[in-house]
Structures are given as C-alpha cells and as structure tokens.
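Undergrad: Handing you a structure now.
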Amino acid sequence: MIRVVVAGSEGKMGAEVCSAITSAPDAELAGRADPTLGISLADALESAGNVDVVVDFTVPEAALDNIRLAASRGVHSVVGTTGFDLGELDSIKGANVIVAPNFAIGAILMMRFAEEAARLMPGAEIVELHHDAKLDRPSGTARLTAERMTEARGGAEVPVHSVRLPGLVAHQEVILGSEGETLTIRHDSIDRKCFMPGVLLAVRRVASLASSPLIGLEQLLGDS
C-alpha cells in the first residue's frame, strides 16, 4: 500500500487528488497539508508516520520547499504545481521527483502531436485558456509545448497567448499554418477528474524511476 500525503488539499485539484487516492485499491491517504487549517506539510508528515509519496498541488512559492522537505525525509514527490524554476530540482537528493505540467492523458497526446506537426508546418502559435484563479501565465503545459515545438522547429520560437476567465478549467489550442492550410490541435479539460489517472500513475511509478527529476508524464506511458 502506497501511503500518500497531499499538499494543497484545500484546493480544487488537491481535493480531487484526495478523493482519487482514497478510492485507489493500492494507495492510502495518510495525511493532508492544509494551511487554511494551520496544518503545514511538516505537520502532516510528522503525524502520518511512514509516508511514501507527497503529491503537491500548491503554489509556485511553496512547491520547491515542499519537495526539499519531502526529500529530506526520504519521501518521493509527485508535483502538479507549475511556475517555479525546474532547474532547482537537480540539486534535490534523497528521493525521486516527478513534475508534470499536465496529468491528463489527452493533453500529453496533444503535446506529442503538436511536436510532430511543428516539424512539418512552418507557422505555429499556442493559445492556452484557464480559470481566472490560475496563478502562472503562461501555463506549464503551454511552456512545455512551446519548448518542444521550438526544438522540433530548429529553434524557431512559438508564441504563446494566455486567457484567464471564470468558467474555464484548462484548455489549449495549438494552431499551425502552411501555404493554403491550417491545422488546429486542441485539448479541453472539462472536469478535473481527467487528471487523476495520470496522478495515480505517477504515484505508483515515482519510487522506481531510473533517474530523477522526471519532467512530464509521457515517459511513463509507454510501459504503464
């Protein structure tokens, strides 16, 4: 049984993660870090006892400290928080880390298709749309998509446009153009439940990573 503490359990994604962990046959919700109740991650880890994985859906300012704290106790981290310096993860030892800008399988496929299309079509732009409470702009998914498309295009950068509105969850369009044609690749997350299979996959696999940190979930999909 994988014992999990959720950091950011007070948020919408954190609450969904708690529900998914509770329902999983091979995982156990060992604790919740909830600053609105005065429960820090250190408090949650202390009271939970033996913990295998911390799942972090907090804020960019807290994520790195949470990962470092977990690693100092030999606890692996699965991180959905974006907007912090991923380069800082290289110095973290003692436990494995997976950071995924997006845990939805469809979003991972969208990024893969966009990267392939970018090799063949000269024009490309990204439009990402999220709920108005999302803190980072552009989203981690859009940044990662743009990075991979830019590499596929030999260094030609891909512009990203951000939209923040109430009523949205998480959406992204990659629009590519060539002479006389356009191609649009779009992914829509209309319910946060779509992220949970990816979160659970990461929770199950983080302890057995060949190397850490792992950025993006797609490397776990081929043999999951």
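The values are calculated or read from the model by the stated rules, or taken from the named source; none is laboratory data. Small disclaimer: the values here were computed from a predicted structure and weren't measured. Quick reminder, even Gly has a Cβ in these numbers, built from the backbone with ideal geometry, and neighbours come from all protein chains shown. All accessible areas refer to the heavy atoms of the entire protein, side chains included, with ligands and DNA or RNA removed. Shrake-Rupley method; radii C 1.70, N 1.55, O 1.52, S 1.80 Å.
Undergrad: Could you count how many residues in the stretch 147-186 are of a type in the set (Gly, Ala, Ser) and out of contact with any helix residue (DSSP H, G or I) (no Cβ under 9 Å at 6 or more places or on another chain)?
TA: First, pick out the residues of the stretch 147-186 that are of a type in the set (Gly, Ala, Ser): 152, 154-156, 162, 167, 170, 177-178, 180.
Those left that are additionally out of contact with any helix residue (DSSP H, G or I) (no Cβ under 9 Å at 6 or more places or on another chain): 154-155, 167, 177-178, 180.
Within the stretch 147-186, residues that are of a type in the set (Gly, Ala, Ser) and out of contact with any helix residue (DSSP H, G or I) (no Cβ under 9 Å at 6 or more places or on another chain) number 6.
Undergrad: Determine whether SER139 is open to solvent by less than 50 Å² (accessible area, probe 1.4 Å), under 29 Å from ILE21 (Cβ atoms) and not charged (D, E, K, R).
TA: Values: open to solvent by less than 50 Å² (accessible area, probe 1.4 Å): yes; under 29 Å from ILE21 (Cβ atoms): yes; not charged (D, E, K, R): yes.
Yes, satisfied.
Undergrad: Looking only at residues that are within 11 Å of the chain's Cα centre (by Cα) and closer than 21 Å to LEU183 by Cα in the stretch 94-112, which one is surrounded by the fewest Cβ atoms within 10 Å (Cβ to Cβ)? Spell out how you get there, then give the answer.
TA: The initial filter retains those residues of the stretch 94-112 that are within 11 Å of the chain's Cα centre (by Cα), namely 98-104, 107-108.
In the following step, the residues that additionally are closer than 21 Å to LEU183 by Cα were identified as 107-108.
Numbers: ALA107: 26, ILE108: 23.
Among residues in the stretch 94-112 that are within 11 Å of the chain's Cα centre (by Cα) and closer than 21 Å to LEU183 by Cα, the one surrounded by the fewest Cβ atoms within 10 Å (Cβ to Cβ) is ILE108.
Undergrad: Looking at VAL174, VAL169 in this structure, which one is more than 23 Å from PHE57 (Cβ to Cβ) and open to solvent by less than 30 Å² (accessible area, probe 1.4 Å)? Steps first, answer last, please.
TA: On the way: VAL169 fails: more than 23 Å from PHE57 (Cβ to Cβ).
Checking each option against the conditions leaves just VAL174.
Undergrad: Which residue out of GLU125, GLU115 is in contact with a helix residue (DSSP H, G or I) (Cβ under 6 Å, 6 or more places away or on another chain), open to solvent by 40 Å² or more (accessible area, probe 1.4 Å) and touching a residue at least 12 places away in the same chain (Cβ under 8 Å)? Before the answer, list the steps.
TA: On the way: GLU125 fails: in contact with a helix residue (DSSP H, G or I) (Cβ under 6 Å, 6 or more places away or on another chain).
Result of the check over GLU125, GLU115: GLU115.
Undergrad: Output the residues belonging to the stretch 177-206 that are open to solvent by 30 Å² or more (accessible area, probe 1.4 Å) and over 17 Å from the mean Cα position of the chain (by Cα).
TA: SER178, GLU179, GLY180, GLU181, THR182, LEU183, THR184, ARG186
Undergrad: Pick from GLU61, GLU125: which is under 16 Å from the mean Cα position of the chain (by Cα), of a type outside the set (S, T, N, Q) and not in a loop (DSSP other than H, G, I, E, B)?
TA: Values: GLU125 fails: under 16 Å from the mean Cα position of the chain (by Cα).
Selected residue: GLU61, the only one of GLU61, GLU125 that is under 16 Å from the mean Cα position of the chain (by Cα), of a type outside the set (S, T, N, Q) and not in a loop (DSSP other than H, G, I, E, B).
Undergrad: Being buried (at least 17 other Cβ atoms within 10 Å of the Cβ) and either modelled with pLDDT under 95 or part of a loop (DSSP other than H, G, I, E, B) (or both) is the requirement here; does VAL158 meet it? Can you show your working first?
TA: Numbers: buried (at least 17 other Cβ atoms within 10 Å of the Cβ): yes; either modelled with pLDDT under 95 or part of a loop (DSSP other than H, G, I, E, B) (or both): yes.
Here the answer is yes, as VAL158 does meet what is asked.
Undergrad: A further question follows. Among the residues of the stretch 52-72, write down those that are in contact (Cβ under 8 Å) with a residue 40 or more places away in the chain and either in contact with a helix residue (DSSP H, G or I) (Cβ under 6 Å, 6 or more places away or on another chain) or of a type in the set (Ser, Thr, Tyr) (or both).
TA: Within the stretch 52-72, VAL53, VAL54, VAL55, ASP56, PHE57, THR58, ASN66 qualify.
Undergrad: Further, regarding this structure: For the subset of the stretch 142-155 comprising residues that are in a loop (DSSP other than H, G, I, E, B) and either under 12 Å from VAL174 (Cα atoms) or not basic (Lys, Arg) (or both), which member is least open to solvent (accessible area, probe 1.4 Å)? Step through it out loud before you land on a result.
TA: As a first pass, look at the stretch 142-155 and keep what is in a loop (DSSP other than H, G, I, E, B): 153-155.
Narrowing further to those that are either under 12 Å from VAL174 (Cα atoms) or not basic (Lys, Arg) (or both): 154-155.
Working: GLY154: 75, GLY155: 50 Å².
Per the criteria, the residue is GLY155.
Undergrad: A further question follows. Would you be able to tell me the number of residues in the stretch 1-57 that are farther than 20 Å from THR81 by Cβ, surrounded by fewer than 17 Cβ atoms within 10 Å (Cβ to Cβ) and charged (D, E, K, R)?
TA: Total meeting the criteria: 3.
Undergrad: Could I ask something else about it? Among the candidates ALA95, ALA133, ALA118, ALA114, single out the residue that is of a type in the set (Gly, Ala, Ser) and under 21 Å from MET13 (Cβ atoms).
TA: Working: ALA95 fails: under 21 Å from MET13 (Cβ atoms); ALA118 fails: under 21 Å from MET13 (Cβ atoms); ALA114 fails: under 21 Å from MET13 (Cβ atoms).
None of the others qualify; the one that does is ALA133.
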